[in-house]
Ligand code: ZN
């Protein structure tokens with residue numbers, strides 16, 4: 001299983017972190033060990049002092065493929081949910097400043113949270129899926145797939161030019177504006193189209 005992530009896929013989020021808006025999708029990966037298993041508590045990692053949430057729509061790959069044309073890419077994922085790409089922002093800023101890879105900031109154990117899957121067939125319009133994140137019952141992020149710079153099909157197609165995609169792989173499709181810090185005791189709840197997808201407490 002592979003976990004792909006897209007960076008800077010919403011213009012407003014790219015500018016809040018002072019990043020340029022890229023022409024091509026920014027792709028990075030997390031290992032399988034990054035996946036927070038259900039019913040496992042989430043612990044604040046000891047190596048960071050600035051843990052950020054990034055709420056994102058996540059795709060589930062349902063068909064093996066490589067060099068997938070964009071017009072067929074919709075056949076390669078069958079479910080969508082909301083997830084969190086947890087980021088050690090202090091470490092990421094250090095690594096970025098030195099031009100080094102991001103893994104220590106993004107790919108650590110349990111840094112990928114995935115909500116319950118909703119079949120694509122049950123989604124009214126995948127080009128405009130609203131989603132959001134609440135922290136301690138207050139909305140902190142709100143987005144829609146309509147605001148993505150690269151849509152689901154173009155992301156799947158793009159990734160498949162470099163990596164085979166396989167059944168069970170997942171793709172985090174980028175975070176909208178509003179990323180921020182969490183501390184121990186905070187509760188996060190992710191929504192998609194008004195329905196709760198996951199809830200977790202920072203331990
Ligand atoms: Zn992200």
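The values are calculated or read from the model by the stated rules, or taken from the named source; none is laboratory data. In this text, all values refer to a predicted model and were calculated from it rather than measured experimentally. Cβ placement follows ideal geometry from the backbone for every residue including glycine, while neighbour counts extend to all protein chains displayed.
Between a first residue in the range 1-13 that is under 12 Å from residue 151 (Cα atoms) and a second residue that is more than 14 Å from the ligand (Cβ to nearest atom), which pairs have beta carbons less than 6 Å apart while being 6 or more apart in sequence or on different chains?
10/147
Does at least one position in the range 59-66 carry a residue that is within 16 Å of the ligand (Cβ to nearest atom) and touching a helix residue (DSSP H, G or I) at 6+ places or on another chain (Cβ under 9 Å)? Steps first, please.
First, pick out the residues of the range 59-66 that are within 16 Å of the ligand (Cβ to nearest atom): 59.
Then keep just the ones that are touching a helix residue (DSSP H, G or I) at 6+ places or on another chain (Cβ under 9 Å); that gives 59.
Checking the range 59-66: at least one residue is within 16 Å of the ligand (Cβ to nearest atom) and touching a helix residue (DSSP H, G or I) at 6+ places or on another chain (Cβ under 9 Å).
Among residues belonging to the range 108-139 that are crowded, with 19+ Cβ neighbours inside 10 Å and touching a helix residue (DSSP H, G or I) at 6+ places or on another chain (Cβ under 7 Å), point out the one that is farthest from residue 30 (Cα to Cα).
Once the filter is applied, the top-ranked residue is 129.
Tell me yes or no: at least one residue of the range 150-165 is under 16 Å from residue 113 (Cα atoms) and in a loop (DSSP other than H, G, I, E, B). If you could, list the steps in order and put the result at the bottom.
Step one: filter the range 150-165 for residues under 16 Å from residue 113 (Cα atoms), giving none.
Within the range 150-165, none of the residues are under 16 Å from residue 113 (Cα atoms) and in a loop (DSSP other than H, G, I, E, B).
If you scan the range 175-195, which residues turn out to be within 15 Å of the ligand (Cβ to nearest atom) and assigned to a loop (DSSP other than H, G, I, E, B)?
Within the range 175-195, 175, 176, 177, 178, 179, 182 qualify.
Got a sec? Which of 198, 172, 163 is within 15 Å of the ligand (Cβ to nearest atom) and either within 21 Å of residue 19 (Cα to Cα) or modelled with pLDDT of 95 or more (or both)? Can you show your working first?
Details: 198 fails: within 15 Å of the ligand (Cβ to nearest atom); 163 fails: within 15 Å of the ligand (Cβ to nearest atom).
None of the other options fit; the residue is 172.
State which residue is nearest to the ligand (Cβ to nearest atom) when the search covers only the range 23-36 and only residues that are surrounded by fewer than 19 Cβ atoms within 10 Å (Cβ to Cβ) and touching a residue at least 24 places away in the same chain (Cβ under 8 Å). Walk me through it before giving the result.
Of all residues in the range 23-36, those surrounded by fewer than 19 Cβ atoms within 10 Å (Cβ to Cβ) come to 23-24, 26-29, 31-33.
Narrowing further to those that are touching a residue at least 24 places away in the same chain (Cβ under 8 Å): 24, 27-29, 31-33.
Numbers: 24: 16, 27: 11, 28: 9, 29: 12, 31: 16, 32: 18, 33: 18 Å.
Among those that are surrounded by fewer than 19 Cβ atoms within 10 Å (Cβ to Cβ) and touching a residue at least 24 places away in the same chain (Cβ under 8 Å), it is 28.
Just checking, does the range 75-85 include any residue being buried (at least 22 other Cβ atoms within 10 Å of the Cβ) and part of a loop (DSSP other than H, G, I, E, B)?
no
When you scan the range 134-151, do you find a residue that is over 14 Å from the mean Cα position of the chain (by Cα), within 14 Å of the ligand (Cβ to nearest atom) and more than 22 Å from residue 47 (Cα to Cα), even just one? Spell out the reasoning first.
Taking the range 134-151 and keeping what is over 14 Å from the mean Cα position of the chain (by Cα), we get 134-140, 146-147, 149.
Within this subset, residues satisfying the condition of being within 14 Å of the ligand (Cβ to nearest atom) are 149.
When the remaining residues are screened for being more than 22 Å from residue 47 (Cα to Cα), the result is 149.
Within the range 134-151, one or more residues are over 14 Å from the mean Cα position of the chain (by Cα), within 14 Å of the ligand (Cβ to nearest atom) and more than 22 Å from residue 47 (Cα to Cα).
Being farther than 11 Å from residue 55 by Cα, in contact with a strand residue (DSSP E or B) (Cβ under 9 Å, 6 or more places away or on another chain) and modelled with pLDDT under 95 narrows it down to one of 102, 117, so name that one.
Working: 117 fails: modelled with pLDDT under 95.
Result: 102 is the single residue among 102, 117 that is farther than 11 Å from residue 55 by Cα, in contact with a strand residue (DSSP E or B) (Cβ under 9 Å, 6 or more places away or on another chain) and modelled with pLDDT under 95.
Here is a list: 72, 42, 86. Which entry is closer than 30 Å to residue 182 by Cα and away from the ligand (no atom under 16 Å from the Cβ)?
Values: 72 fails: closer than 30 Å to residue 182 by Cα; 86 fails: away from the ligand (no atom under 16 Å from the Cβ).
After applying the criteria, what remains is 42.
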